[in-house]
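Report on the structure given below.
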Amino acid sequence: MNHTRLNIQFWTQIANHKILKLLAILPLCTGCTVGYGNQIISFGYEEQIIAQNSTSTPIEFEPPPPPPNRGEPTGRAQGGAGRGCEPTALVPLTKSPNGNFLWGLTVSDRPQFWFSLPRQLTTKDAVEFVFTDNLGKVVYKTKLKNTTTPQGIVNFAIPQEIPPLQIGKTYNWSFSVYCDFQIVEDKPGNVRGSIQRIAVNPTLKNQLASSKSPINQAIIYAKNGIWFDALTTLGVNIRNKKEQNISSAWTELLRQVDLEKIVSLPVTNCCDRQQVKNQK
């Protein structure tokens, strides 16, 4: 009986010693990293495994109220005559009694637009991006042809020489894929929608200023319903491979707006700014 009690006391002292040692070392551990999944912190002969409860990036898109002027109903892709030429816009599909339409908010004066290609593009194909104001006047237009691009995600940015978007105004955009445009006369695969620029309120400005990581900035944009900036913050960093957990946030954001089918596609370097020219 006494022997058992001594064993218990002995092992209790050993356990307490290890706990005290761990608590003493933790404040000195400057190389430990916190992320998603299991992280191992090494203390020489001992290893402690810290299991995170969360397995995905905590990003959540809060759709804003739809605009009063919804414009023409549209789906994610149109045209193409079933020849596999239909692109997909990385934009939430807003549903209404009058039909569905693609629409989103931005705070950027020159936002970026993201699309997925239906297949690899060859020198026989062409793509066209058109940006107009709410009266139909062309603000920016560009067409790329005689170029090869792998199947994946492409983006178009409004260049610096184009006047900035005005706050409170709605603009329209369209993206078209011409398959075998040199030999086939047919309607291109096309997708179109609209975008509205809004002002940055003081609260949002302070939140963004205090957030240093792209993921946190994307989370702030998404929670405030600012789709285009949330997506662009992630997309640009995926292409530049600047942060490890960007891809999981990108995947989760796209899944929340029913774009699961394209989450596996890579973000390509198209459309390179040097290739894009304004053809207004």
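Residues Leu208, Leu144 ordered from highest to lowest accessible area at a 1.4 Å probe: Leu208, Leu144. Remark: relative contact order (segment 124-280) = 28 percent; criterion is Cα-Cα distance under 8 angstrom and separation of 6 or more residues.
Any chance you could check the Cα centroid distance between segment 192-245 and segment 104-147 for me, in angstrom? If we compute the Cα centre of each part, the gap is 21 Å. In plain terms, the chain from Lys137 to Gln160 could stretch by 6.4 nm, reckoned as 0.36 nm per residue minus the Cα-Cα distance. For Ser210 and Asp180, the FRET efficiency from 1/(1 + (r/R0)^6), where r spans their Cβ atoms and R0 equals 41 Å, is about 0.20. Taking amide H as placed 1.01 Å from N in the peptide plane, Cys271 has its amide H under 5 Å from the amide H of Asn155, each at least 5 places away in sequence or on another chain.
Quick one: of Lys95/Lys169; Lys143/Lys205; Lys95/Lys145, which pairs are farther than 30 Å apart, Cα to Cα? Pairs exceeding 30 Å: Lys143/Lys205; Lys95/Lys145. Once the C-beta distance of Glu60 and Lys169 is scaled by a Förster radius of 30 Å, the resulting FRET efficiency is 0.60 to the nearest 0.05.
The values are calculated or read from the model by the stated rules, or taken from the named source; none is laboratory data. Just so it is clear, the structure is predicted and the values come from calculations on it, not from any experiment. All Cβ positions, glycine included, derive from the backbone under ideal geometry; neighbour counts span all protein chains shown. Please note that ligands, DNA and RNA were not included when accessible areas were found on the heavy atoms of the full protein model with its side chains. Shrake-Rupley method; radii C 1.70, N 1.55, O 1.52, S 1.80 Å.
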